Amino acid sequence: MRRLTTEIILKLLACALIIMAVYSYFAFKTYRAGIYDVVIHEMIQQYEHWYRKSKQMSAKPTAKHEIYNSWDEIPTSIKQYLPNKPDTGELVTNFFMQIGDFHFHLYAYCHFDEKYTNKNYFIISYFNLDHKIQDNHFISLVNRISIITVIFILLTSTLAWFSSRKIIKATSQLAEWSNNMASPKPIQRYKELDQIANNLQASYQQIQAINQRESKFLRQLSHELRTPISVLLASTQLLEKQGISAYPDLYLSYQRILRSGRHMKDLTESLLWLAKKNTANIIPENIDIKELTYFLLKDNSYLLHNKNIFIRITKGSKTTNTLVPATLIKIIINNLIRNAFQHSYSGTIYIRPAKDYFIIKNQVMSDRDDTTGFGIGLDLVQEICQAQKWQFKIKKTSSSVTACVRWS
């Protein structure tokens with residue numbers, strides 16, 4: 001991704017080069033046209049001078065100019081260097097003509113004498129290249145154009161640098177402030193950037209208000225649910241002690257109540273964590289990932305009631321003891337297991353606990369609506385992993401869902 005400074009400077013330099021290229025093209029074109037005008041003017045002057053002097057045309061009035069009454073009078077040794085016969089008022093040229101050891105610029109001009117004879121005459125002119133007169137003028141012109149081009153590019157680059165420096169400074173301040181929008185908004189000298197800052201601040205405040213309302217609602221909801229859930233679970237424990245298992249008809253209802261109570265307990269803990277989203281005060285503890293997995297499997301086993309499902313556990317490392325935030329790891333593994341149990345109806349669930357990762361794979365049925373394997377549990381796992389900068393990957397196929405969390 002390019003920096004804004006580089007983009008501005010490159011575009012200004014490109015514009016400068018285009019302008020100088022156009023300027024150079026027209027400068028050379030104008031120079032060439034000017035040379036032709038000078039040559040034509042001198043050729044006409046030579047013609048008029050010799051006509052007034054001799055009242056007739058001489059084949060060789062000077063060493064530099066020759067005047068002929070017709071095209072056929074021009075020697076073949078000269079015509080062979082000319083690209084074509086000039087029309088009236090036209091100048092044709094060849095920039096290289098050799099006569100002996102000398103080299104010339106050759107010009108042929110068809111002049112219509114409306115002042116004296118009302119006839120066309122062909123004027124041939126030579127300019128000796130050995131004197132380098134025109135070349136010196138040409139080189140001088142090229143040097144002047146080159147110097148002007150360099151000066152123009154330097155001035156443009158300097159102007160672009162100073163202009164972009166001010167713009168980049170303002171945008172850099174805006175970018176730094178966007179990373180910490182709780183700080184005061186920087187004062188912008190440009191109206192457009194100030195409008196962007198105002199829009200960002202308004203959006204940030206709106207998002208903050210929404211998050212605060214959401215967190216407040218989740219906290220209140222989780223706290224309001226905790227009391228009745230605790231009473232419900234305590235009542236089920238009391239019924240268990242009083243021997244409700246001796247009454248088969250009531251025991252089935254008791255198990256449904258117990259499962260629902262545990263599910264609501266896990267859900268409220270997840271909602272409470274979502275409301276806090278603060279892991280700064282969580283102290284790492286030394287836990288055994290494999291033992292935690294067995295404990296959570298037993299705790300969630302009621303979700304497999306009346307399901308033809310097998311559990312297969314393979315240890316992913318020699319040791320499964322690790323120093324991690326135990327609360328977060330428990331929430332993650334518990335939600336992954338619950339999600340797999342809830343969205344599986346048959347087959348085998350493969351679990352691989354390790355020191356630095358946890359993998360679980362469950363089978364799904366393509367003819368059911370909830371085969372995505374996703375639920376609020378996976379949303380919570382994703383939230384925790386993002387906050388802790390842990391890796392969380394989901395791989396879905398038509399027949400299975402694999403979830404992997406790596407915390408180190």
Worksheet item: Within the set of pairs 6 or more residues apart or between chains, which connect a residue that is farther than 28 Å from Gln363 by Cα inside segment 312-334 to a residue that is assigned to a helix (DSSP H, G or I) with Cβ atoms less than 8 Å apart?
Response: Asn321/Ile289; Thr322/Ile289; Pro325/Gln388
Worksheet item: Does segment 348-368 contain at least one residue that is of a type in the set (S, T, N, Q) and more than 42 Å from the chain's Cα centre (by Cα)?
Response: yes
Worksheet entry | Test for Asn308: is it exposed (fewer than 15 other Cβ atoms within 10 Å of the Cβ), of a type outside the set (A, V, I, L, M), within 30 Å of Leu272 (Cα to Cα) and free of Cβ contacts under 8 Å to residues at least 40 places away in the same chain | no
Worksheet item: Hey, any hits in segment 281-303 for a residue that's in contact with a helix residue (DSSP H, G or I) (Cβ under 7 Å, 6 or more places away or on another chain) and at pLDDT below 80?
Response: yes
Practice prompt. Under 9 Å between Cβ atoms, at least 6 apart or on separate chains: pull out the pairs that start in segment 234-246 with a residue that is closer than 14 Å to Ile257 by Cβ and end on any residue that is among the aromatic types (Phe, Trp, Tyr) and part of a helix (DSSP H, G or I).
Written response: Thr236/Tyr254; Leu239/Tyr254; Glu240/Tyr254; Ile244/Tyr251; Ile244/Tyr254; Ser245/Tyr251; Ser245/Tyr254
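For (1) out of contact with any helix residue (DSSP H, G or I) (no Cβ under 6 Å at 6 or more places or on another chain); (2) surrounded by 10 or more Cβ atoms within 10 Å (Cβ to Cβ); (3) modelled with pLDDT of 75 or more; (4) not assigned by TED's automatic domain parsing to the domain that holds Leu12, each residue gets a yes or a no:
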{"position": "Lys169", "(1), (2), (3), (4)": "yes, yes, yes, yes"}
{"position": "Glu176", "(1), (2), (3), (4)": "yes, yes, yes, yes"}
{"position": "Asn198", "(1), (2), (3), (4)": "yes, yes, yes, yes"}
{"position": "Glu214", "(1), (2), (3), (4)": "yes, yes, no, yes"}
{"position": "Leu225", "(1), (2), (3), (4)": "no, yes, no, yes"}
Worksheet item: Restricting the first residue to segment 15-30 and requiring it to be under 13 Å from Arg144 (Cβ atoms), which pairs with a second residue that is surrounded by fewer than 14 Cβ atoms within 10 Å (Cβ to Cβ) and small (Gly, Ala, Ser) meet a Cβ separation below 9 Å and a spacing of at least six or different chains?
Response: Ser24/Ser146
Worksheet item: If you check Thr149, Thr93, which single one turns out to be polar (S, T, N, Q), within 30 Å of Val22 (Cα to Cα), in contact with a helix residue (DSSP H, G or I) (Cβ under 7 Å, 6 or more places away or on another chain) and modelled with pLDDT of 70 or more?
Response: Thr149
Discussion item. Condition first: in a strand (DSSP E or B) and small (Gly, Ala, Ser). Now tell me which residues in segment 394-408 satisfy that.
Written reply: Ser400, Ala403
Practice prompt. Could you check segment 275-356 for strands (runs of 3 or more DSSP E) lying wholly inside it with 2 or more residues that are more than 21 Å from Ile384 (Cα to Cα)?
Written response: 308-313, 346-353
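The values are calculated or read from the model by the stated rules, or taken from the named source; none is laboratory data. Remember, predicted model here, so these are calculated numbers, not experimental data. Positions of Cβ are generated from backbone atoms using ideal geometry, with glycine treated the same way; all protein chains shown enter the neighbour counts.
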